[in-house]
1. Taking the range 57-115, which residues are open to solvent by 70 Å² or more (accessible area, probe 1.4 Å), polar (S, T, N, Q) and over 17 Å from Thr47 (Cβ atoms)?
2. I want to confirm something. Restricting to the range 24-75 and keeping residues that are of a type in the set (A, V, I, L, M) and in a loop (DSSP other than H, G, I, E, B), which single residue is farthest from Val5 (Cα to Cα)?
3. Name the residues in the range 82-109 that are closer than 16 Å to Asp68 by Cβ and part of a helix (DSSP H, G or I), would you?
4. Within the range 26-45, how many residues turn out to be under 24 Å from the mean Cα position of the chain (by Cα), surrounded by fewer than 10 Cβ atoms within 10 Å (Cβ to Cβ) and at pLDDT below 90?
5. Criterion first (touching a Leu at 6+ places or on another chain (Cβ under 9 Å), part of a loop (DSSP other than H, G, I, E, B) and closer than 30 Å to Arg2 by Cα) does Val21 satisfy it?
6. Spot the failing condition for Gly53; the list is (1) within 24 Å of Ile110 (Cβ to Cβ); (2) open to solvent by 60 Å² or more (accessible area, probe 1.4 Å), and only one is missed.
Amino acid sequence: MRAAVKSTLKFLTAPSWAGYVITPVNGLENVTTDAEIDAYVQKNTQTIFHPVGTAGMSPKGAKNGVVDPDLKVKKVAGVRVVDASVLPFVPSAHTQAPAYVVAERASDLIKAAYH
């Protein structure tokens, strides 16, 4: 993260940004040392509110994971998880499309279970 902050500051202080980027904000304007950058990062880093992987999927019969490939919660009857939490990692794009894929798959699984 430190390297990312340094790179961003270098990029935004290029002459082509003169007049557009006036000054860093949120305390970054006074950050000069690695320790100050680390403190800034620790204070200001947060999720982008697209968490995934909190209910990991694993093979049926595996001891790890929360859900099986049919999105059924292991050791619980009648409960499925149908959201991005079953994804193993954050996609390199917005999580909306993968969440739709999970939902479409879940709808097929649920319909098949009742027909």
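1. Asn64
2. Within the range 24-75, the first condition is being of a type in the set (A, V, I, L, M), and the residues that meet it are 25, 28, 31, 35, 37, 39, 41, 48, 52, 55, 57, 62, 66-67, 71, 73.
With the extra rule that they be in a loop (DSSP other than H, G, I, E, B), the set shrinks to 25, 31, 48, 52, 55, 62, 66, 71.
Values: Val25: 13, Val31: 10, Ile48: 17, Val52: 25, Ala55: 31, Ala62: 41, Val66: 36, Leu71: 39 Å.
Among residues in the range 24-75 that are of a type in the set (A, V, I, L, M) and in a loop (DSSP other than H, G, I, E, B), the one farthest from Val5 (Cα to Cα) is Ala62.
3. Of the residues in the range 82-109, the ones closer than 16 Å to Asp68 by Cβ are 82-83, 85-88, 102, 105-106, 108-109.
Matches in the range 82-109: Ser85, Val86, Val102, Arg105, Ala106, Asp108, Leu109.
4. 2
5. Values: touching a Leu at 6+ places or on another chain (Cβ under 9 Å): yes; part of a loop (DSSP other than H, G, I, E, B): yes; closer than 30 Å to Arg2 by Cα: yes.
Spelling it out, Val21 is indeed touching a Leu at 6+ places or on another chain (Cβ under 9 Å), part of a loop (DSSP other than H, G, I, E, B) and closer than 30 Å to Arg2 by Cα.
6. The number of the failed condition is (2).
The values are calculated or read from the model by the stated rules, or taken from the named source; none is laboratory data. The structure presented is a predicted model; accordingly, all values stated were derived computationally and were not measured. In this analysis, Cβ positions are derived from the backbone assuming ideal geometry, glycine residues included, and neighbour counts consider all displayed protein chains. Just so you know, the surface numbers come from the protein's heavy atoms only, side chains and all, with ligands and any DNA or RNA stripped out. Shrake-Rupley method; radii C 1.70, N 1.55, O 1.52, S 1.80 Å.
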